[in-house]
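The values are calculated or read from the model by the stated rules, or taken from the named source; none is laboratory data. What you see is a predicted model; the values in this text were computed from it and never measured. Glycine also receives a Cβ, built like all others from the backbone with ideal geometry; neighbour counts cover every protein chain displayed. Note: accessible area is taken over every heavy atom of the protein model, side chains too, but ligands, DNA and RNA are not part of it. Shrake-Rupley method; radii C 1.70, N 1.55, O 1.52, S 1.80 Å.
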Amino acid sequence: MKVLNKIWGITLLAFTLILSAPHTSMAQQEGEYISDQEFYDELQPYGTWIYDPQYGNVWIPDVEEDFRPYATRGYWAMTSYGNTWVSDYPWGWATFHYGRWHFDNYYGWEWVPGNEWAPAWVSWRNGGGYYGWAPMEPGISIDASYSDDYSVPDNYWVFAPYAYINYTNVYNYYVPYYRTRTIIRNTNWLRNRYNYNNRVYNAGPRREEIQRYSHRPVRVYNINNVNRPSRITVNNNNINIYRPAVRQNTNARPARVVDGNAYKQQNPTQRIGSRDRSRGTVYNAANAARLAQAAKASTPDTRVVRVNRNDDRDNVKPARPGAITPGNANQPGRTNRPAVTGDAQQQQRTIDKQQGAVRQQQIRERREKAQSEATQQQTEQQKQQLEQQRAQQQQARQQQLEQQKQQREQNPQQPTRPQRASRPAVTDDGQAQQRQRVLEQQEQQRQQQAEQKQQQAQQVRQQQEQAREQQRQQQVEQRRQQVSQQQEQAREQQRQQQAEQKQQQAQQVRQQQEQAREQQRQQQAEQQKQQARQQQEQQQQAREQQRQQQAEQQRQQARQQQEQQRQQKQAEPSHRPTRP
């Protein structure tokens, strides 16, 4: 019977654990999925869809000027999948866990939709006391992302010290961009992977490594699925995130799409994103607002903006129970979310921007409050010490008064001198001894008070010395950081100057080579001309010699003929017949 009860208890316990376990499957419940249309509809209020000839429909977010994917308004949390990016944006569930990011020299950061979920689509590096991560570009697999042939642009990388990688305010410890190139040279690829259901993820730094460097425990959170798009939340030990399975649908398309090339040709000077040597990337909010206004105008320019009607997208399969698609927005029997109009979208974006500004203000206020609280605590401690000193002094005075009162009570006022003289000598001796004891007690109290004062003064001096030492250390650390930053800036400037000098030298070498080639060409041309002249002169000389030779031959022939004629004339008489 006891064995049966034990088995029954174990069974109930196992059943309870199964029911209470969080949902950590790859997607939502079986049969719950979305199509690409969910991305187009859910992200439309928070940005602009652009048609890129290389990647198709891409999304440009309405964000802060210092926005960088996997860097702004978010942090890394350790889960069973490894380091998972927890974003504070309402659209972070999609853009940091599906698809890839790409930086365009005109539109800035573009998100390219994808169908596979991951804790984060980034590459990792470590070394020299820093962890670094960078968004993976479209079409790059996890194996290819760690290949030496894959070159990640410098402005993609974000670096933070080992100890702060899992801090919720890790953004306060990012390394300045001008040091990125130096750190990249001193780091290596971090190839920690996690396999789940035949899928491979980039897990990033291991928990044991972070604990060893940060000297504090690292909490491992559970991934808990939610059933509708929403901001990622964290409570207790769970990260609540919307991460359904995604199925491709060829009919899915945004409600409005801007032709990227056409808009760029019409507005060549209204660049939204650009590269900067000191900050990496720069985002122009005013130009982004013009792009959004052009995309969402009541009468858009059809040469730039393509409007897709709802009936063109009716064939898109509904994403999940309660999801809004253009074809089921007003059908009865569905628990749909309210349709989002253009005004509501603008209001939502304004609210999100205001919330972001409020959060930044709150962070600044928390810092100032922490500093003021630290100052107040020091002041309060000093006040408490002074009050303790006063209380001890007051207590010592009260003790002295009590002792004096007790002495007066023990030694009442004596009568006149004759009576005093008539008392026995023993009484006087006893009183003298009592006075001596009182004097000794008072002297001991004074010594104790003096020692207490010395101890208190010594404590105050020690605290002040500690505060000064901490302040000196902070100042020294600040100076070191400033010196290191200045040195790094000087090195970077020197590198840039060297690079410019090398470029100038290379340009000078090219110019010299070009001049040498030009001189060589001129010399060759001059030589060719001289050779042609010489050939002409030689030909003329040859002709002249030929003419002279011909003339000489003709004269010789003429002389020979004349000589022959004379000889003939001389020979004619001897041959005539004689007369009889």
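Identify the residue in the stretch 51-94 that is among the hydrophobic types (A, V, I, L, M, F, W, C), within 17 Å of the chain's Cα centre (by Cα) and not in a strand (DSSP E or B) and, among all such residues, is nearest to Tyr194 (Cα to Cα). Can you show your working first?
Start the filter on the stretch 51-94 by keeping residues that are among the hydrophobic types (A, V, I, L, M, F, W, C), which leaves 58-60, 63, 67, 71, 76-78, 85-86, 91, 93-94.
Okay, now just the ones that are also within 17 Å of the chain's Cα centre (by Cα), so 63, 67, 71, 76-77, 85-86.
Adding the requirement that they be not in a strand (DSSP E or B) leaves 63, 67, 71.
Working: Val63: 32, Phe67: 29, Ala71: 22 Å.
The qualifying residue nearest to Tyr194 (Cα to Cα) is Ala71.
Can you name the residue in the stretch 272-309 that is small (Gly, Ala, Ser) and in a strand (DSSP E or B) and, of all such residues, is most open to solvent (accessible area, probe 1.4 Å)? Give the steps one after another, and end with the answer.
Going through the stretch 272-309, the residues small (Gly, Ala, Ser) turn out to be 273-274, 278, 280, 285-286, 288-289, 292, 294-295, 297-298.
Those left that are additionally in a strand (DSSP E or B): 273-274, 280.
Numbers: Gly273: 1, Ser274: 40, Gly280: 3 Å².
Among those residues, the one meeting the criterion is Ser274.
Here Thr250 fits the description: open to solvent by 40 Å² or more (accessible area, probe 1.4 Å) and of a type in the set (Val, Ile, Thr). Listed by position, the strands (runs of 3 or more DSSP E) contained in the stretch 131-246 that have at least 1 residues being farther than 28 Å from Gln37 by Cα are 158-161, 193-196, 220-225, 233-235, 238-241. Scan the stretch 143-171 for residues that are closer than 21 Å to Glu110 by Cβ and surrounded by fewer than 21 Cβ atoms within 10 Å (Cβ to Cβ) and jot them down. Correct list: Ala144, Ser145, Tyr150, Ser151, Val152, Pro153, Asp154, Asn155.
So Asn237 ticks every box in (1) polar (S, T, N, Q); (2) open to solvent by less than 60 Å² (accessible area, probe 1.4 Å); (3) in contact (Cβ under 8 Å) with a residue 24 or more places away in the chain but one. Which box is left unticked? So the condition that Asn237 fails would be (3). Among the conditions (1) under 24 Å from the mean Cα position of the chain (by Cα); (2) at pLDDT 90 or above; (3) acidic (Asp, Glu), the only one that Asp276 does not satisfy is (2).
The residues on offer are Gln560, Gln503, Gln489, Gln496, and the sole one that is over 30 Å from Ile183 (Cβ atoms) and not aliphatic (A, V, I, L, M) is Gln560. Take the conditions (1) of a type in the set (Lys, Arg); (2) modelled with pLDDT under 90; (3) within 30 Å of the chain's Cα centre (by Cα); Arg271 misses just one of them, which is (2). Within the stretch 180-205, the set of residues being open to solvent by 60 Å² or more (accessible area, probe 1.4 Å) and not hydroxyl-bearing (Ser, Thr, Tyr) comprises Arg181, Arg185, Asn186, Asn188, Arg191, Arg193, Asn195, Asn197, Asn198, Arg199.
So Arg73 clears everything in (1) open to solvent by less than 10 Å² (accessible area, probe 1.4 Å); (2) of a type in the set (D, E, K, R); (3) at positive phi except one condition, right? Which one? Of (1) open to solvent by less than 10 Å² (accessible area, probe 1.4 Å); (2) of a type in the set (D, E, K, R); (3) at positive phi, only one is false for Arg73: (1).
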